[in-house]
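Right, one structure below, let's go through it.
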Amino acid sequence: MPYLGAVKPTETTSSVLRSTYTGDGSTTTFNLPGPVANETSIIATINGVTQQDAAYTTNGSQIIFSAAPSNGDAIEIRTISDVGMSYAPSTGSVTTGILADGAVTAAKLGVGAAVSNIGARAITAAQVPAGSVIQVVSATTTSSTTTSSTSYVAVTGLTASITPTSASSKVLVFVNSTIYTSAANVEAALTIYRNGSDLSTGAGFTDAYQGGNDLIVPMSMMYLDSPASASSVTYAVYFKRTQGASSIVVNNRGVISSIILMEIAA
C-alpha cells in the first residue's frame, strides 16, 4: 500500500548487474557490469563455481583475477550496489525541534542571511534598512589652534576620513570642542570641510560672540552630508574670525575635542 505520513524516509534497495565472458587462458582483467567500491560487492563464478575474494581484486570498474581463467571457461560476474531513494519533506514540515543544535553551520547559510555572528556570510551593508548606522569613524585631539585670520583655517587634529560602502549613503558629522577669546567684541564662525571644500559655502554652521572679556564657549556642530561617493572622504573642522581684532583659540584648555563620522544607509 502507499506510504502514509507527512514525510517518507530515505529508502535503500540493491541493484544487481551481470556480465558474462569466456576465458582464453591469458586474460586476467574483465570489465565489471557496474561500478563497485571493493571486492565484497562482486560475485564471480567460473564454470558455476563461486570464486573467493582472494582470487581477484578490483579497481572499481574492472575485476582482475590472480590467475587467468582457462581457455573456454564460462565466467559470470555480478556486481551489487545500493541505490538510495530520497523524498523531499513537504513545505513547513521541518521544524526547529527536528534540527540538532549546531547542525546548521555558517557554510550552509546563504550570503546575506539575517543571522548574526556568521562571519563573511553576515548581513551586507546593502541589506540594512534605510537610516541604519553602517559604520562609525572618529578622531580626537587635545591640541589647540589659534588664529586671527578672517579666512577659514583648519583646526589641528579635528580631521577624520571615512569610506562609504555605497555612493547613496549619507554621512552624519558630529563635532565637539570649545572656542576661547580674551578680548571683547570678538566673533568667530566655524564650519566643516569635505575633501577641502566648505560644506557651509562660507556661512559657517555655528558661531561664537564675545561681548566682554575672557569667554570660553562650548562649540558643537552636526551636519548630515551626502558625499555621493564610495571612495574615501575626509571631513575637517575650520574656523575664522568674523568680527573684532583679537585672536581666537579652539580648545585652549587642552581638553578632548572630537569629530565623529557615521555612515547612514540611504
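The values are calculated or read from the model by the stated rules, or taken from the named source; none is laboratory data. These numbers come from a predicted model, not from an experiment. Please note: Cβ atoms are built from the backbone with ideal geometry, for glycine as well, and neighbour counts cover all protein chains shown.
Every condition in (1) surrounded by 19 or more Cβ atoms within 10 Å (Cβ to Cβ); (2) modelled with pLDDT under 90; (3) among the polar types (S, T, N, Q) is met by ASN185 except one, and the failing one is (1). The residue that is modelled with the lowest pLDDT, among those in the range 77-125 that are touching a Gly at 6+ places or on another chain (Cβ under 8 Å) and closer than 30 Å to THR27 by Cβ, is SER81. Scanning the range 191-200 for residues that are hydroxyl-bearing (Ser, Thr, Tyr) and assigned to a strand (DSSP E or B), which turns out nearest to SER151 (Cα to Cα)? Only one residue tops the list, namely THR191. In the range 248-266, the residue that is farthest from VAL128 (Cα to Cα) out of those that are in a strand (DSSP E or B) and among the polar types (S, T, N, Q) is SER257. The residue that is nearest to ILE259 (Cα to Cα), counting only those in the range 152-167 that are in a loop (DSSP other than H, G, I, E, B), at pLDDT 95 or above and of a type in the set (Ser, Thr, Tyr), is THR163.
Filtered by the rule that a residue be of a type outside the set (Ser, Thr, Tyr) and either closer than 19 Å to THR40 by Cβ or in contact (Cβ under 8 Å) with a residue 60 or more places away in the chain (or both), the range 60-74 gives GLY60, GLN62, ILE63, ILE64, PHE65. Residue count for the range 201-233 satisfying the condition of being closer than 17 Å to LEU190 by Cα and either touching a helix residue (DSSP H, G or I) at 6+ places or on another chain (Cβ under 9 Å) or in a strand (DSSP E or B) (or both): 16. Residues in the range 45-70 that are among the small types (Gly, Ala, Ser) and either over 18 Å from LEU17 (Cα atoms) or modelled with pLDDT of 95 or more (or both): ALA54, ALA55, SER66, ALA67, ALA68, SER70. Tallying residues that are surrounded by fewer than 19 Cβ atoms within 10 Å (Cβ to Cβ) and farther than 21 Å from SER151 by Cα within the range 228-253 yields 6.
Restricting attention to the range 240-254, the residues being more than 11 Å from TYR180 (Cβ to Cβ) and either modelled with pLDDT of 95 or more or among the aliphatic types (A, V, I, L, M) (or both) number 1.
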